1. Do we have any residue at all in segment A:28-37 that's touching an Asp or Glu at 6+ places or on another chain (Cβ under 8 Å) and on the phi < 0 side of the Ramachandran plot?
2. Return the total of residues in segment A:411-430 being surrounded by fewer than 16 Cβ atoms within 10 Å (Cβ to Cβ) and either modelled with pLDDT under 85 or under 44 Å from the mean Cα position of the chain (by Cα) (or both).
3. For segment A:658-701, what are the residues that are at pLDDT below 80, among the hydroxyl-bearing types (Ser, Thr, Tyr) and surrounded by fewer than 16 Cβ atoms within 10 Å (Cβ to Cβ)?
4. For segment A:389-467, please list each of the helices (runs of 4 or more DSSP H) lying entirely inside it that holds at least 1 residues being more than 26 Å from A:ARG495 (Cβ to Cβ).
5. Is it true that A:ASP475 is acidic (Asp, Glu) and within 14 Å of another protein chain (Cβ to nearest Cβ)?
6. Can you give me the number of residues within segment A:517-555 that are assigned to a helix (DSSP H, G or I) and either in contact with a Pro (Cβ under 9 Å, 6 or more places away or on another chain) or under 17 Å from B:LEU17 (Cβ atoms) (or both)?
7. So, of the residues in segment A:539-555 that are more than 8 Å from chain B (Cβ to nearest Cβ) and in contact with a Leu (Cβ under 7 Å, 6 or more places away or on another chain), which turns out to be farthest from B:GLU100 (Cα to Cα)?
8. Just to be sure I understand the filter: pairs with C-beta atoms under 8 Å, separated by 6 or more residues or on different chains, first member in segment A:225-236 and at negative phi and part of a helix (DSSP H, G or I), second member surrounded by fewer than 16 Cβ atoms within 10 Å (Cβ to Cβ) and modelled with pLDDT of 70 or more. Which pairs pass?
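The values are calculated or read from the model by the stated rules, or taken from the named source; none is laboratory data. This one's a predicted model, so the numbers in the text were calculated from it and none came from an experiment. Cβ coordinates were reconstructed from backbone atoms using ideal geometry, including for glycine residues, and neighbour counts include every protein chain displayed.
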Amino acid sequence: MIEKLLSNSSYSFNIYALPMFLTTTLIVLLGVYVLLQEKSFITKAFFFSTLSAGIWQFGTGFIYLMKDPALVIWFYKVFVFLGIVAIAPSIYMLTISVLGLFESKKKYIALSYLIALFFYLLDLMTNSLATGVKERFWGPYVTYGILSAPFLLFFSFLMGRSIYLCIKAYQEMKPGISRDQIKLYLISLIIALSAAVDFLSCYLPMDVYPFGYLAILSVIFLQAYAIITYQKASLSEIFNSIEDGIVVTDNEGRITNINTSVERLTSIGAATLSENRLRDLIYTYRNKFENPKQVEEFLQKIQENPNRIVEDDIGLRDPAIQLDIKYSRISDRFGIKTGSVIVLRDITQRKKVEQELREYKEELETRVEQRTQELKKSEEKYKALVSHAQVGIAIHKKGRMIFTNEQFRAMLGYTEEEIMDMEIAQLIHPDEVKLVLKRAWDRYNGKDVIDTYDIQFLKKDGSVLPAIISNVAIDYQGERATLLTVVDTTETKMRRELEIANQELEMFAYSVSHDLRAPLRTIDGFSQALLEDYQDKLDEEGKDYLMRIRAASQRMGLLINSILQLSRLGRSEIRFEEVDLSAMARDITAELRTNDPDRKVEFVIEEDVKGIGDKTLLRAVMENLLGNAWKFTQKQADAKIEFGRTEKEGKTVYFIRDNGVGFDMKYANKLFIPFQRLHSDSEFAGTGVGLTLVQRIVRRHGGDIWVESAVEEGATFYFTLER
Amino acid sequence: MKRIIMLVEDNPDDITLAKRVFRKCNLTDNVVVTRDGVEALEYLLKKDEYDDDRSTSDLPAVIFMDLKMPRMDGIETLKVLRSNRKTAFIPVVMLTSSDEEWDIRQCYRCGANSYIRKPIDFNRFTEVMQLLSTYWLTINELPGEKGI
């Protein structure tokens, strides 16, 4: 048979074989093409089905050329039927693969192939399938026997099953590209059924031209289309499902691919986008960007670095979002540049977070800055406090000066440069250095030593500065040091000296009171004794001399009394209370009248004049002033003395007015100086201390005293008791 | 029984002047003069040793004492007198030049019976001394004079 098959004489030309061969070529090429696109279950299954269909179609066409019916039968059995049995399982497998059920239906596929193989073997071994050959006008036609019935059943079952699964899947799927593909595939399956027309002649009592190849051809076409677009569809679904916007362009910048995210992000229709060149698009929609110039710069950058990845952030106005835009070139598997891809990523959220972070950071920085300022201010305050303190402040570490304030330097007469790093021993009086250093050393070693004591510093000019020093052990810049606070006690010393002088003065006054009076008494006493005991031996002149001696000594006694009164005033304490000056004036004037009842003086005393002061001292004031008025009106026929109160600048002013001899105001300044008198003693007796005493008392009360007078026009003394 | 005035005074001028006043008052025999506190105490306490019985009657009826004296001053002497049983009741008149408040207070605090400032005017001095002598020697009564 093989020899017959290979012999040229067995064949003759038949035009009807041509469509078969063409179909075969087309479907096998389609199978190969799809397989080349992508190696997956689907494409492989598709290839199988095209191969089986190809075998069938080619074999059928080849038979048309054969002259010997025996060869036809044999060839049909061996070759054509192989294609016929394989086609149904192959389509079934393809359907399963397309529906993504391959893994779960593997067993059924294997089973279907086994059954197909079974039919093939039956066909080879028995004559009940391909039974004979009939000559038709289109060529030899194989007739079928009894076994063709179960085979057709098997074939129909697989086809029906495939259609059923497809319909089921189609109904369950949501509308979309994949659903459309399934629909297309389903149609192809239904068309495939019409290929059964080839078998009709076998059963019908008429010749039916086997144009099944047309159905096969269209089925394969449809399926190839469905598979290719399906693959594409799934890719584009992935492509579109990406959150980032992706624009793919060719080398000329024409947009070849774009995903739906781009439209979502830019709100520019995908159709508009895909029709345009990228650059033109950007110029068209430049007002969509927050900063068109930035976009131009971005494009410029791309142009300058065509092979690099260029990245930038751009803002869109409407919708207001921030995009991260990344441009990179893409090339095919041979490394030839095919275009570029632009990825747009929505970074609005990220930017917002970044902005928040930035704001937070700025706020933090502001706060830190503020705090620093505050610290600086407080440090400045502290510095000012230390440097302008009226006490000397210094720090020494192990006896060396490491800090001094202005006052400290001023006290000792050094400049900052000079005193820095000086040994403290150089600043202390040599007599005290040893003691002070020992104390400092003990303090440094944590012993309990006296902190505050008197010290004598040695100034730069060699003079001594008495001071009180206070020491505190401190931590200065991480090391143990001693903080000194120094108060200049020169003034305190002076005050102390003054106190001592005052005490000495008191002692002096005390001895005056004792010792100065005794000789006076002796002088007076013996003068009197002389006058009495030697009366007969003394002439009038002698007696007069003795009288003068006595008068002088008694006057001296009065002076001493006045001095003592003055000195006592400085020592006595003032006890403030409300004093009825009117009553006091009445009392004194009554006394004056009693002492000199012959005089006629008119007293005008204002009622209820009160003042705050020491009763005893105020009495001395009133006694002196009224006494003076009494004294200096003694030559007046109609003497008048007034006591009263007036106001000056809101303050109470007391006055004592007389119409006595008065005095020239140019001597007014001498009035209050001790022992200064404006009248001779023979004219008006007095010691010249009274007004001094009055002034001192008034001043000790915080008041003031002044006088208005003119010769022969009396005098008015005014005084206040508080400032 | 003769009453005695003891004058404790260091100033010889004052002693002379005082004696002159006593003489004028016919009291010369009744006056014992000591020059300071030590001498005064010696006199008073010596008597004590020898004649314990007569001590009270022989003690002065009054002591006129200056404040400022050498060796032992008036205040100190006064303190000793007041602390001694025998002399505790002797009237003491402080007779001094000082009119310092402090001195006056101190004297009374220590038990002085009187404080007199010697006037510079001799006539006044004489008057004062006469008054004092009369008062303390004749008017004032002393403990232990009535006898049993």
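1. Taking segment A:28-37 and keeping what is touching an Asp or Glu at 6+ places or on another chain (Cβ under 8 Å), we get none.
Scanning segment A:28-37 turns up no residue that is touching an Asp or Glu at 6+ places or on another chain (Cβ under 8 Å) and on the phi < 0 side of the Ramachandran plot.
2. Total meeting the criteria: 5.
3. If the condition is that a residue be at pLDDT below 80, among the hydroxyl-bearing types (Ser, Thr, Tyr) and surrounded by fewer than 16 Cβ atoms within 10 Å (Cβ to Cβ), then A:SER680, A:SER682 are the ones that fit.
4. A:416-419, A:430-444
5. On the way: acidic (Asp, Glu): yes; within 14 Å of another protein chain (Cβ to nearest Cβ): no.
When the stated conditions are applied, A:ASP475 does not pass them.
6. The total comes to 22.
7. Per the stated criteria, the residue is A:LYS543.
8. Taking only residues 6 or more apart or on different chains, the pairs are A:ILE228/A:GLN37; A:GLN231/A:GLN37; A:GLN231/A:GLU38; A:GLN231/A:SER40.
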